[in-house]
1. Outside any loop (DSSP other than H, G, I, E, B), surrounded by fewer than 24 Cβ atoms within 10 Å (Cβ to Cβ) and in contact (Cβ under 8 Å) with a residue 40 or more places away in the chain: which single residue out of 270, 352 fits that description?
2. Quick check on residue 221: is it surrounded by 21 or more Cβ atoms within 10 Å (Cβ to Cβ), within 15 Å of residue 107 (Cβ to Cβ), in contact (Cβ under 8 Å) with a residue 24 or more places away in the chain and touching a strand residue (DSSP E or B) at 6+ places or on another chain (Cβ under 6 Å)?
3. If residue 207 passes every condition in (1) touching a residue at least 60 places away in the same chain (Cβ under 8 Å); (2) surrounded by fewer than 16 Cβ atoms within 10 Å (Cβ to Cβ); (3) not in a loop (DSSP other than H, G, I, E, B) but one, which one does it miss?
4. Using the structure shown, decide if residue 231 is buried (at least 23 other Cβ atoms within 10 Å of the Cβ) and closer than 27 Å to residue 195 by Cβ.
5. Looking only at region 136-162, filter to residues that are within 19 Å of residue 200 (Cβ to Cβ) and assigned to a loop (DSSP other than H, G, I, E, B); which one of those is nearest to the chain's Cα centre (by Cα)?
6. Determine which member of the set 53, 108 is touching a residue at least 60 places away in the same chain (Cβ under 8 Å) and either closer than 26 Å to residue 328 by Cβ or surrounded by 22 or more Cβ atoms within 10 Å (Cβ to Cβ) (or both).
7. Which count do you get for residues in region 121-145 that are in contact with a helix residue (DSSP H, G or I) (Cβ under 8 Å, 6 or more places away or on another chain) and surrounded by fewer than 16 Cβ atoms within 10 Å (Cβ to Cβ)?
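The values are calculated or read from the model by the stated rules, or taken from the named source; none is laboratory data. On a predicted model such as this, the values are computed, not experimentally measured, just so you know. For neighbour counting, all protein chains shown are included, and Cβ atoms are generated from backbone atoms with ideal geometry for every residue, glycine included.
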């Protein structure tokens, strides 16, 4: 990533985070059973709905939410309550059948798939990354390289230089600090997780992902390199909603277990290390006492998204791609679209402003 872009992202992020907010502590996200959860059928446009009025929500404020979304360049927006659609709205020429990029929300797909591969005995996240990529996958000394495990890749604690943001070749995977000693949002080591899974499974990443996750829950979508290294997922909004529902229902889809490892699922959506309390395994976490953000090496006090429920965990992507999951309320909420104005990676001011509107709507 160019230095000028780093400065731009830093400036934008600090503008939105110029004041502290008080948090509600470091509570753990517990898996909750959802009663009467609904799963949409595969290869069908059928999807049950439920009205805001039936739920006792403030339907009078719904238009205010939709106006805010439209004003902020939204393409698609969906709210699920226990799997049923409350709102499904498309803007401009975007439709139910239009694919859009997930950006870094797609990291959550990779985290989930790593869990599947571990459950199948193909890998162990505590093992050295070099066990799967071979020695010399970085430019580090062998001693330093062997400190890096799959767990470090999942938690953004590889210790590698994040200013070479997307690069995955050894020459730009350089040392800053020992693995586990520094948190930094870094696409390169993340992207290589897909190669780890592919090598462990002896199968192409796309084929393994499609077989073990995408096709089992009726998603569409495809992985597409957007530059020489970064692999981005594209799909319809409903497919993102399906994945959100799978996570809300603790890795099970309509009585079929997709990821049964409860320990992995719990670790994935709770604080994974002490350097950034608001980060799990490639998921962002709300309700913690502090957080770190992409680019900056600063610990901010307060919750990630103060207006959102404390038990929410979320996928956050460039240009304000959002996947919010709120277990306590049985909610999956997603937003696809263009940059809403924050021009940052990870959390942006848009998150907090949107949740201010949603809190008026959702009781």
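1. Of the residues listed, the single one that is outside any loop (DSSP other than H, G, I, E, B), surrounded by fewer than 24 Cβ atoms within 10 Å (Cβ to Cβ) and in contact (Cβ under 8 Å) with a residue 40 or more places away in the chain is 352.
2. The answer is yes for residue 221.
3. Failing condition for residue 207: (1).
4. No, not satisfied.
5. Checking each candidate, the answer is 158.
6. On the way: 53 fails: touching a residue at least 60 places away in the same chain (Cβ under 8 Å).
Only one candidate qualifies: 108.
7. 5
To keep it simple, each residue is scored yes or no on (1) modelled with pLDDT of 95 or more; (2) not in a loop (DSSP other than H, G, I, E, B).
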| residue | (1), (2) |
| --- | --- |
| 259 | yes, no |
| 264 | yes, yes |
| 282 | yes, no |
| 306 | yes, no |
| 310 | yes, no |
| 345 | no, no |
